[in-house]
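Beneath this line is the structure, given in structure tokens, with notes to follow.
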Amino acid sequence: MTGRKLPPVTQVGMLSLALIVAGGIYLAAHIPQHVPLAPAVALLAASALLLAGNLIALGMIEGFPWGTFLNVAKWAFLAYAIIAGLIEYAFLRNHLRGGALVVLTLSLVVFAVHVPVLIGFTVARFADSTPAGPGHGPGSQEHRHA
């Protein structure tokens with residue numbers, strides 16, 4: 001997998017996350033006063049489009065080790081869903097309401113999906129394409145004679 005040309009999943013993911021952070025900073029700078037939502041919504045929409053594009057590009061990679069990707073990404077998603085939930089709780093506990101809450105909640109969704117995708121992709125892109133298991137590991141007879 002490492003010798004093949006892969007789409008820029010990591011770079012696009014980092015740009016997407018940077019847009020989410022910029023939108024969050026913008027909103028935080030205006031709270032508790034009235035927040036003009038248009039810039040934050042535009043940043044969120046751009047980030048969501050980058051996430052969708054990244055998922056499409058990832059799905060088009062031939063021979064991608066999906067088992068490894070899903071095994072890593074599911075646990076990362078669990079962790080980041082908990083993190084996003086705790087952040088959402090802080091928003092609700094601090095009485096954030098209205099459009100700002102909606103934009104920040106959707107931003108957390110993008111965050112909680114994109115980071116596990118990046119973690120799973122990073123692990124899977126360096127995964128060995130040969131099946132792991134008895135007879136295939138580094139100490140196996142087959143590996144020593146290869």
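No value in this document is a laboratory result; all are computed from the given coordinates. Note that the coordinates shown come from a computational prediction; the quantities given were computed from them, not determined experimentally. Positions of Cβ are backbone-derived with ideal geometry, glycine not excepted, and every protein chain shown enters the neighbour counts.
Numbers below:
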{"quantity": "D_trans [Stokes-Einstein, Kirkwood Rh over alpha-carbon pairs] for the stretch 58-116, 20 °C, 1.002 mPa s, µm² s⁻¹", "calculated": "166 µm²/s"}
{"quantity": "Karplus-derived HN-Hα couplings along the stretch 88-100 (A = 6.51, B = -1.76, C = 1.60, θ = phi - 60°), whole Hz, x at Gly and Pro", "calculated": "4, 4, 4, 4, 5, 5, 8, 6, 6, 9, x, x, 4"}
{"quantity": "Whole-angstrom Cα spans of the stretch 1-115 along principal axes, big to small", "calculated": "52, 26, 15"}
{"quantity": "Prolate/oblate/rounded call for the stretch 24-85, Cα gyration tensor, a/c under 1.5 rounded", "calculated": "oblate"}
{"quantity": "Calculated FRET efficiency for the pair Glu62/Ile82, C-beta based, R₀ 41 Å, to 0.05", "calculated": "0.75"}
{"quantity": "DSSP-assigned coil residues among trypsin sites (Lys or Arg not before Pro) in the stretch 44-132, each with at most 12 further Cβ atoms within 10 Å", "calculated": "Arg97"}
